[in-house]
Amino acid sequence: MKKKGIIVIGLGNPILGDDAVGLVVASELKRRLGNLVNIVELCAGGLTVAETMLGYRKAILVDALIEEGAVPGKILRLTFEDLKVTPKRFIGFHDMDLVTSIELIKAIEKESFPDEIVIFGITIQKPGCYQEGLSECVKTAIPKCVEIIEKECSL
Amino acid sequence: MKKVVTIQPITRLEGHGKISIFLDETGNVKDAYYQVVEFRGFERFCIGRPVEEMPIITPRICGVCPWAHHMASAKAVDAVYGAELPKTAKKIREMAYNIFYIHDHSAVFYALSAPDFVVGPDAPRAERNILGLIGKIGLETGKKVINARMVATKLLEKLAGRAIIPTCAVPGGVSKPLTEDDRKEIEEGAKKLVDFSQFTLKIFEDVVLKNQKYLDLIMGDVYKHETYYMGLVDEKGLVNYYDGKVRVVDPKGRIYTEFHPKDYLNHIGEHVETWTYLKFPYLKSLGWKGIVDGETSGVYRVGPLGRLNVADGFATPLAQEAYEKFKEILGKPAHATLGYHWARVIEILNAAERVLELSKDPDITGKDFRVPLTNTPSEGVGIVEAPRGTLIHHYKTDQNGILTDVNLIVATTHNNAGICMSVKKASQQLIRGGNVNDGLLNMIEMAFRAYDPCLACGTHALPGQMPLDVCIYDANGRLVVEIKRP
């Protein structure tokens, strides 16, 4: 099966404060890259995320990440293998955890599954309540994250 | 002697919950609780917003059932404005909602229910999941499930622009009409979904119903409660997920009451306990008698089992045939908690048949798809059957349509007492003399997994996959077994 190029999937919940950062990054990338890369903003988790990647050579995920002790706004580049070795729990909506979902879809749809998955996590503090807008620390990470992903897309 | 056992992973439930089991001196179960230990009030977030925003905001409470909140919310906003929808709009909404049912119910069946039966309730924990299931039933079946979800996703996108966080329903109708090309595509997709639903029902029948051990498990006393049931029925008394009146039946299956959604507060009360954030709804006329079943208790259950128990049947032929078999084996009302799984696969078939039926309805491509909102807004209630059970949205606004009060009662909350009872009963019957093993603990988990609780919805809490801990304490209150998910 001939796969399409790259898909960037921004994940998050727009009414959960900093959890929305993946969506904001995706939106900014869409503005800058236009139709050059397929960019999706997804308020979902698990199986839906894994299904969205099908048919692409490379999938880039951007999501909020909670890492114990980490300063909010830190950008981490992870591969799928990193997730398996040191499970980082993504927050946002999940109908099944991401690792299981990816393993499942990969097992079933091997031919159309991406050859490469890269995950960009932006560290946040655990959101306390429903609210709109990002904290200043997390906002400052956005231009850098956008720049890194643009480079990742041109690799 | 203190013994702590940590078993990982538990990977199949959304939300944040804790099961605490307390043993007596002989090692038998004295008590068990299902607790929800996190709360992030959603209602407060909504106050002060224009009510029209609610059908877009509320789906973000939960990534598992966004369409249920979308539809309940849209119906509540319609009611706030006193809008009477054109038939085309109603039918498009119902069609979209039935497609969502197939998408959601099939994921729940294959990811949550089937591993317990196909892989086995006492299989090693690491294998008792959807990956283990695929290993057992083969990749081809896995492909069928994913393909069916893809078909459903595409159809939802056709109707709503996007499958997740929908924009299909708007106050007074739907966002766009259907073209003839759209209709044809939906009809073709619906045929595939009917085939897939029949395939799924056959898997259930082959794996579960033809296995006496599983039938005994389903029908046994471990997973049985004689409660009241609640669900929406249409004007003929048949199952309807999108619209209708609320019917309640008693533990003998007799109609106890029927009411219009706007009158729900006359019938449903909410009890609060200090040890959990999740409230306990009950039937007001019977009162709160505690977490107990029986005819004098106000506890009721909702969801697939509740719907099949309250309704007189299904409006579609294949689902009706399957329902007759369900009744013949489990009785009516069916009190077997594990019957939720069977009811769920019958509903997948019903939803697929209904989508096909609606796709051929001449009204579905009508051009009258929205009415203007001309009345002064005030108060409205919208009720749908979410896949997990009755979902109530109740809004009050000022005369400018700004929200002043919001109340949501979701399926997992309705089922709270039922889940607690199920966990306690299963624990009491399965744990004897302090002997606990992984298989037994899974069978206790099965008691609540049947309800497919969604705690993101239940507490309107921080959504996402959260820890579910199972803790067993001895007679001295010492923790002897602990199971955590990563």
Checklist entry - Using the count of nearby Cβ atoms within 10 Å as a rough guide to exposure, how do B:Lys279, B:Lys30 rank from fewest to most? => result B:Lys30, B:Lys279
Checklist entry - Say each of B:Ala126 and B:Lys87 gets a label point 7 Å from the Cα, pointing the same way as Cα to Cβ; how far apart are those two points in nm? => result 5.9 nm
Item to check | the stretch A:4-154: C-alpha pair distances exceeding 24 Å, % | outcome: 25 percent
Checklist entry - Pulled fully out, how much extra length does the chain show between B:Val272 and B:Glu324, if you take 0.36 nm times their separation in residues and subtract their Cα-Cα distance? => result 14.9 nm
Checklist outcome for this item: Taking max minus min of the Cα coordinates of chain B on each principal axis, largest first, gives extents in Å of 71, 50, 42
Item to check | Most fluctuating residue given options A:Asp18, A:Asp63, A:Asp115, as computed from a GNM of chain A linking Cα atoms under 10 Å | outcome: A:Asp115
Checklist entry - Hey, what number do you get for the protein assembly as shown at 222 nm if only DSSP H runs of n ≥ 4 count, each worth -39500 (n - 2.57), divided across all residues, to the nearest 500? => result -12000 deg cm²/dmol
Next on the checklist: With the crude spin-label approximation of a point 7 Å out along Cα→Cβ, what separation in nm comes out for B:Asp221 versus B:Glu235?
Outcome noted: 4.7 nm
Item to check | Residues A:Cys129 and B:Ser378, FRET efficiency given R0 of 22 Å [Cβ-Cβ distance, rounded to 0.05] | outcome: 0.20
Next on the checklist: Need one value for A:102-113: mean number of C-beta atoms belonging to other chains within 10 Å of its residues' C-beta atoms.
Outcome noted: 3
Item to check | B:Arg254 versus B:Leu209: modelled label distance in nm, points set 7 Å from Cα along the beta carbon direction | outcome: 3.1 nm
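Please report, to one decimal in angstroms, the Kirkwood hydrodynamic radius of the stretch B:153-233 built from all distinct Cα-Cα pairs.
Working: mean 1/r = 0.0597 Å⁻¹.
This gives a value of 16.7 Å.
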Item to check | Among the listed pairs B:Lys90/B:Lys191; A:Lys3/B:Lys136; A:Lys58/B:Lys144, those beyond 27 Å (Cα-Cα) | outcome: A:Lys3/B:Lys136
Checklist entry - With r defined as the distance between the Cβ atoms of B:Glu53 and B:Glu25 and R0 fixed at 45 Å, what FRET efficiency is calculated, to the nearest 0.05? => result 0.20
Next on the checklist: Can you return the aspartates and glutamates within cross-link range of B:Lys367? Criterion is Cα-Cα under 20 Å, with same-chain partners fewer than 8 residues away left out.
Outcome noted: B:Asp78, B:Glu84, B:Glu94, B:Glu157, B:Glu180, B:Asp181, B:Asp182, B:Glu185, B:Glu187, B:Glu357
Checklist entry - How would you order B:266-278, B:222-234, B:196-208 from highest to lowest mean count of nearby Cβ atoms within 10 Å? => result B:222-234, B:196-208, B:266-278
Checklist entry - What residues of the stretch B:46-83 lie in the reach of a label at A:Ser27, counting those whose backbone N is under 15 Å from a point 7 Å from the Cα along Cα→Cβ? => result B:57
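Rg to Rh for the stretch B:269-411: what is it, with Cα atoms only and Rh by Kirkwood?
Over the Cα atoms of the stretch B:269-411, Rg/Rh equals 1.05.
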Checklist entry - In what order do A:Asp82, B:Asp221, A:Asp19 fall by count of nearby beta-carbon atoms within 10 Å, going from fewest to most? => result B:Asp221, A:Asp82, A:Asp19
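So how much slack lies between B:Gln399 and B:Glu482, counting 0.36 nm per residue of separation and subtracting their Cα-Cα distance, in nm? Before the final figure, lay out the partial values.
Working: separation 83, 0.36 × 83 = 29.88 nm, distance 5.30 nm.
Extra length available between B:Gln399 and B:Glu482 comes to 24.6 nm.
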Next on the checklist: Within the stretch B:242-282, name every residue whose backbone N is under 20 Å away from a label modeled 7 Å from Cα of B:Ala315 along the Cβ vector.
Outcome noted: B:242-248, B:258-262
Next on the checklist: Straight-line reach from A:Lys30: which lysines fall under 16 Å, measuring Cα to Cα and dropping same-chain residues less than 8 apart?
Outcome noted: A:Lys144, A:Lys151
Item to check | Whole-Å semi-axes of the protein assembly as shown's equivalent ellipsoid (Cα gyration tensor) | outcome: 34, 31, 26
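FYI, it's all coordinate maths here, none of it is from the lab. Nothing here was measured: the structure is a model prediction, and the numbers come from that model. Neighbour counts are summed over all protein chains in view; Cβ atoms, including those assigned to glycine, are modelled from backbone coordinates with ideal geometry.
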